[in-house]
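As structure tokens, the structure follows; a few thoughts come after it.
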Amino acid sequence: MNVMLLTQVLPYPPDSGPKVKTWNVLKYLVRHHEVTLVSFARGEQAAEVRHLEAYCRAVHTVPMERGAIRDGLALVRSLLTGQPWMMVRDDRGAMRDLVDRLAAIEHFDVAHADQLNMGQYAARVPDAFKVLDAHNALWLLYKRLWDTLPPGPRKWLLGRDWRLLKPYEGRLVREFDAALAVSQEDKAALQEAAGQPADIVVIPI
């Protein structure tokens with residue numbers, strides 16, 4: 001099959017937990033399928049891209065720049081639209097354009113969104129079997145962090161975001177053809193967010 005794998009960070013080198021997971025998923029997929037990797041990149045990562053090109057049919061990247069001004073503008077957009085700040089923060093027109101362009105010139109059987117942030121892009125791939133690889137139930141992760149924080153602006157932002165992330169995450173679980181979780185606890189949290197029976201498969205790290 002022809003797979004578009006969408007990642008929030010380049011999965012090489014595998015020097016953090018999420019990257020280790022995604023790197024091994026990628027290595028498995030390329031043994032059985034044609035994989036086009038579409039990812040955000042941070043700074044100069046030409047060497048990492050070259051390494052990944054040895055595995056993938058193609059690798060396409062979009063620069064990811066962040067900063068206080070961008071984050072502040074994302075918060076304003078989040079307040080105006082009612083969308084989770086974390087999703088608005090990672091919404092990039094250049095990534096939308098890239099996904100649309102690739103989907104227009106070839107058919108992808110599967111659009112595999114690695115982590116919730118990339119779900120908004122996988123949803124744009126027409127006629128593809130859409131997979132949400134959740135890593136974690138993000139709403140629950142944010143809620144647990146919120147529980148530990150003292151009162152203040154950060155606690156308010158996290159509290160607002162986990163309450164918005166829960167229905168957002170649940171909607172993607174319902175709308176995508178399949179979702180992957182790394183534990184039964186995450187599966188239960190995703191199921192709770194979905195609010196109805198959903199196809200969630202547990203694949204441990």
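The values are calculated or read from the model by the stated rules, or taken from the named source; none is laboratory data. In this text, all values refer to a predicted model and were calculated from it rather than measured experimentally. FYI the Cβ positions are ideal-geometry reconstructions off the backbone, even for glycines, and counts take in every protein chain you see. Heavy atoms of the whole protein, side chains included, go into the accessibility calculation; ligands, DNA and RNA do not. Shrake-Rupley method; radii C 1.70, N 1.55, O 1.52, S 1.80 Å.
Could you identify the single residue in ASP109, ASP199, ASP97, ASP133 that is more than 21 Å from GLY82 (Cβ to Cβ), of a type in the set (D, E, K, R) and touching a helix residue (DSSP H, G or I) at 6+ places or on another chain (Cβ under 8 Å)?
Going through ASP109, ASP199, ASP97, ASP133 in turn, just one is more than 21 Å from GLY82 (Cβ to Cβ), of a type in the set (D, E, K, R) and touching a helix residue (DSSP H, G or I) at 6+ places or on another chain (Cβ under 8 Å): ASP133.
Picking from residues in the stretch 39-52 that are under 21 Å from the mean Cα position of the chain (by Cα) and not β-branched (Val, Ile, Thr), the one that is farthest from PRO11 (Cα to Cα) is GLY43.
One residue is enough: does the stretch 41-54 have a residue meeting the conditions in a loop (DSSP other than H, G, I, E, B), among the polar types (S, T, N, Q) and surrounded by fewer than 19 Cβ atoms within 10 Å (Cβ to Cβ)?
yes
Can you say whether ARG174 is in a helix (DSSP H, G or I), among the basic types (Lys, Arg), open to solvent by 30 Å² or more (accessible area, probe 1.4 Å) and in contact with a helix residue (DSSP H, G or I) (Cβ under 7 Å, 6 or more places away or on another chain), as far as the supplied structure shows?
On the way: in a helix (DSSP H, G or I): yes; among the basic types (Lys, Arg): yes; open to solvent by 30 Å² or more (accessible area, probe 1.4 Å): yes; in contact with a helix residue (DSSP H, G or I) (Cβ under 7 Å, 6 or more places away or on another chain): yes.
Considered against the rule, which asks whether it is in a helix (DSSP H, G or I), among the basic types (Lys, Arg), open to solvent by 30 Å² or more (accessible area, probe 1.4 Å) and in contact with a helix residue (DSSP H, G or I) (Cβ under 7 Å, 6 or more places away or on another chain), ARG174 comes out as yes.
Within the stretch 54-94, if we keep just the residues that are polar (S, T, N, Q) and within 19 Å of the chain's Cα centre (by Cα), the residue that is modelled with the highest pLDDT turns out to be THR61.
Any residue that is in contact (Cβ under 8 Å) with a residue 24 or more places away in the chain, of a type in the set (Gly, Ala, Ser) and on the phi > 0 side of the Ramachandran plot - is there at least one of those in the stretch 39-46? No, every residue in the stretch 39-46 fails to be in contact (Cβ under 8 Å) with a residue 24 or more places away in the chain, of a type in the set (Gly, Ala, Ser) and on the phi > 0 side of the Ramachandran plot.
Total residues in the stretch 24-40 satisfying the condition of being open to solvent by less than 20 Å² (accessible area, probe 1.4 Å) and in a helix (DSSP H, G or I): the figure is 1. Taken over the stretch 124-161, the criterion of being open to solvent by less than 60 Å² (accessible area, probe 1.4 Å), in a helix (DSSP H, G or I) and more than 30 Å from ASP177 (Cα to Cα) is satisfied by TRP146, LYS155, LEU157.
Of all residues in the stretch 68-123, exactly one satisfies the criterion of being of a type in the set (Lys, Arg), open to solvent by less than 40 Å² (accessible area, probe 1.4 Å) and in a helix (DSSP H, G or I), namely ARG89. Cβ-Cβ contacts under 7 Å between residues 6 or more apart (or on different chains), taken from a first residue in the stretch 113-130 that is at pLDDT 95 or above to a second residue that is of a type in the set (Val, Ile, Thr) and open to solvent by 10 Å² or more (accessible area, probe 1.4 Å), are listed as ALA113/VAL131; ALA128/VAL110; PHE129/VAL110.
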